Amino acid sequence: MRFATWDEFDLERGLWTIQPGRQFSKIPPTGRPHRVPLTDALIALLAALPKEQDNALVFWVQRGGQLSDAALAAVMREMHVADMKSGAQGFPDAQSDKTAVPLGLRSTFRTWVAERTQFDWDMAEIDLAHKVGSRVQ
């Protein structure tokens, strides 16, 4: 989502469509668009975000361009600290007890689907834009 652009979102229909070949999407130019349904909470969050003139990015930085990996990691660390200060447990990894980092978000989603939902394996793979039956799977 770090490289998402406003033209990919249809907030009225509650849909995010990532086109094949889009930079950083991992969907090859010959692939199919990946459609992600949006929750009401995410639609409200997106609608409330400021837009920068002449910048198509949804998540941008004031100096221009997209969020870096380091900036995203810093936000996640701040969220962890704030959650712990409020008396909650923060966002530690269940096995290592280390603070969550951006690199693990996709695999975290995959594990959550397997452990906490009734969706089958293939549906989770499709949600991650993986080709079912491929080496990625």
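The values are calculated or read from the model by the stated rules, or taken from the named source; none is laboratory data. What you are looking at is a predicted structure, and each value in this text was computed from that prediction instead of being measured. Here Cβ is always computed from backbone atoms with ideal geometry, including for glycine, and neighbour counts include all displayed protein chains.
Key figures
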| read-out | value |
| --- | --- |
| Residue list for region 64-119, filter: within 23 Å of Pro50 (Cβ to Cβ) and aliphatic (A, V, I, L, M) | Leu67, Ala70, Ala71, Leu72, Ala73, Ala74, Val75, Met76, Met79, Ala82 |
| Elements of type helices (runs of 4 or more DSSP H) contained in region 53-133, each with 3 or more residues being at pLDDT 85 or above | 69-85, 105-116 |
| Enumeration of residues in region 24-40 that are in contact with a strand residue (DSSP E or B) (Cβ under 9 Å, 6 or more places away or on another chain), loosely packed, with under 12 Cβ neighbours inside 10 Å and assigned to a loop (DSSP other than H, G, I, E, B) | Phe24 |
| Residue tally, condition farther than 19 Å from Arg106 by Cβ and among the charged types (D, E, K, R), over region 1-31 | 4 |
| Conditions (1) in contact with a Pro (Cβ under 7 Å, 6 or more places away or on another chain); (2) of a type outside the set (Val, Ile, Thr); (3) assigned to a loop (DSSP other than H, G, I, E, B); (4) surrounded by 13 or more Cβ atoms within 10 Å (Cβ to Cβ): number failed by Gly21 | (4) |
| Tabulated pairs, region 69-98, first farther than 26 Å from Phe3 by Cβ, second surrounded by 13 or more Cβ atoms within 10 Å (Cβ to Cβ) and among the aliphatic types (A, V, I, L, M), C-beta under 6 angstrom, 6+ apart or interchain | Gly90/Met84 |
| Residue list for region 1-18, restricted to those being over 18 Å from Val61 (Cα atoms) and either under 16 Å from the mean Cα position of the chain (by Cα) or assigned to a loop (DSSP other than H, G, I, E, B) (or both) | Glu8, Phe9, Leu11, Glu12, Arg13, Gly14, Leu15, Trp16, Thr17, Ile18 |
| Close pairs from region 3-24: first at positive phi, partner in a loop (DSSP other than H, G, I, E, B) and surrounded by 15 or more Cβ atoms within 10 Å (Cβ to Cβ), Cβ under 6 Å, at least 6 apart | Gly14/Leu38; Phe24/Phe3 |
| Conditions (1) loosely packed, with under 10 Cβ neighbours inside 10 Å; (2) not in a loop (DSSP other than H, G, I, E, B); (3) not acidic (Asp, Glu): number failed by Pro50 | (2) |
| Residue match in region 27-48 (condition: in contact with a His (Cβ under 8 Å, 6 or more places away or on another chain), modelled with pLDDT of 85 or more and within 18 Å of Asp127 (Cα to Cα)) | no |
